[in-house]
1. Taking the Cα centre of each part, how many Å lie between segment A:213-247 and segment B:53-80?
2. What fraction of the Cα pairs in segment A:28-89, stated in percent, has a spacing above 14 angstrom?
3. Considering the options A:LEU210, A:THR176, A:MET197, tell which one lies farthest towards the positive end of the dipole of segment A:115-240, charges being +1 on Lys and Arg and -1 on Asp and Glu at the Cβ, about the Cα centre.
4. Farthest toward the dipole's positive end in the protein assembly as shown, which of A:ASN107, A:TYR76, A:VAL13, given Cβ charges of +1 (Lys, Arg) and -1 (Asp, Glu) about the Cα centre?
5. Dipole magnitude of segment A:115-240 about its Cα centre, charges +1 at Lys/Arg Cβ and -1 at Asp/Glu Cβ only, in debye to the nearest 20?
6. Under Stokes-Einstein, with the Kirkwood radius over Cα pairs standing in for Rh, what whole-number D in µm²/s applies to segment A:3-111 at 25 °C and 0.890 mPa s?
7. Lys/Arg Cβ at +1, Asp/Glu Cβ at -1, dipole of segment A:115-240 taken about the Cα centre: which of A:MET134, A:GLN230, A:LEU188 is farthest positive-ward?
8. Roughly how many debye, to the nearest 20, is the charge dipole of chain A about its Cα centre, given +1 on each Lys and Arg Cβ, -1 on each Asp and Glu Cβ, and no other charges?
Amino acid sequence: MEMQKMIYAVVSVKHNQDGLTSLLAGMKGLGGADLFAVFHDEIAAVTGEIERCDFTADKSLAIEYAGVIDALFQRYPVLPMRFGSTLESSGAILEMLVRNRDEFLQNLDRVENKQEFGLKIFCDSEKLAAELRMKSEAVLSPPADPGITISAYREYINKKLKEHRLEELLVDYADTVIAEITVSLALLCAESRFKKMASAKNIIDAVFLLDKDVEIQLVRSVQDLQNKHQGLNFILTGPWPPYNFVEIKIQ
Amino acid sequence: MSENKILFNTGSFDGISEEIGKLASKAEDSRLKLTPENADSGLAKLVLTLVELIRKLVEKQAMRRVDGGSLSEEEIERLGETLMKLEMKMEELKKHFNLTDRDLNINLGPLGDLM
């Protein structure tokens, strides 16, 4: 049975090095594995043993994995590692920490006292498309020239053009909402990332990195936006560890 | 996602779970599961997904040009014929390999789903 060391996260221990070992003593990793820390300078990698064949990422393992990271995040600035990050020994983990120390510290400083929030905006896609279609019928339908007989190919192009224009209108609408969110969050100094049209219903999928004390203002801002856009469903989640705001290429 | 992580939502929790579950299962479905037993169909799925991606990109670019007004009526006619035949050929290939639009869908990250 080949065992590996799974790395859950890299944490900053500059304010509380001793507390990490005792925190880990009360926690379990994937498959009930004991957790321990590999320390280097002001950082530590939280790790646990795992069998090589246990790697398939299913929902329950992913939740268990996220649970470990979330528990660490309650007490320490944390850089979550991608699921399945493993090395063969504690020595190899230490070497990785040494090689990437500066980048880890830089990113840990960036996320210290911050938390991530997710905002998913759903719509009734058919209803929204119908509304946009009604408002923009003139833009959507190519002008018909009464003197020309329309061939099957031209009809096909017209149909595709209509779909294309409707798609552009949906993207423009998502851009308008994103602009409003950006303005509304500017006061909270949020870092943000937006993804448009993740699916037909999920028109915006956003993540924000915010100071720990502005959660209430964030909820209020989202509430105001929801009041303005009654046809959309805003879902705000968090606080999360900074999953989407870590930029390290580990060497 | 646990309910205590939801800070704001005007819809029902079940509704969100279902929608997020669909997004997750779509990501799962879009994985290519190649094994020695399904190497042929797995490869067909991979190739047709790439062909469909290119076809969609060509179609998008063509619509931009039609919309931009840079094509003559004759060019639009020929474009219509080409795109229509490409779509029909694609339908034939999907049928031949027992694949559906859902099988060929891949998530293009910031660009969203292929279909």
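The values are calculated or read from the model by the stated rules, or taken from the named source; none is laboratory data. Everything numeric in this text was worked out from a predicted model, so none of it was measured. Positions of Cβ are backbone-derived with ideal geometry, glycine not excepted, and every protein chain shown enters the neighbour counts. Ligands, DNA and RNA are stripped out before the accessible areas are found, and what is left, the full protein with its side chains, is counted by its heavy atoms. Shrake-Rupley method; radii C 1.70, N 1.55, O 1.52, S 1.80 Å.
1. Computed from Cα coordinates, the inter-centre distance equals 40 Å.
2. Numbers: 1106 of 1891 pairs.
Everything past 14 Å amounts to 58 percent.
3. A:MET197
4. A:ASN107
5. On the way: 16 positive and 19 negative charges, 71 e Å.
That gives a dipole near 340 debye.
6. Numbers: Rh = 13.8 Å.
Approximately 178 µm²/s, per Stokes-Einstein.
7. Going by the Cα projections, it comes out as A:MET134.
8. Details: 28 positive and 37 negative charges, 139 e Å.
Result for chain A is approximately 660 debye, rounded to the nearest 20.
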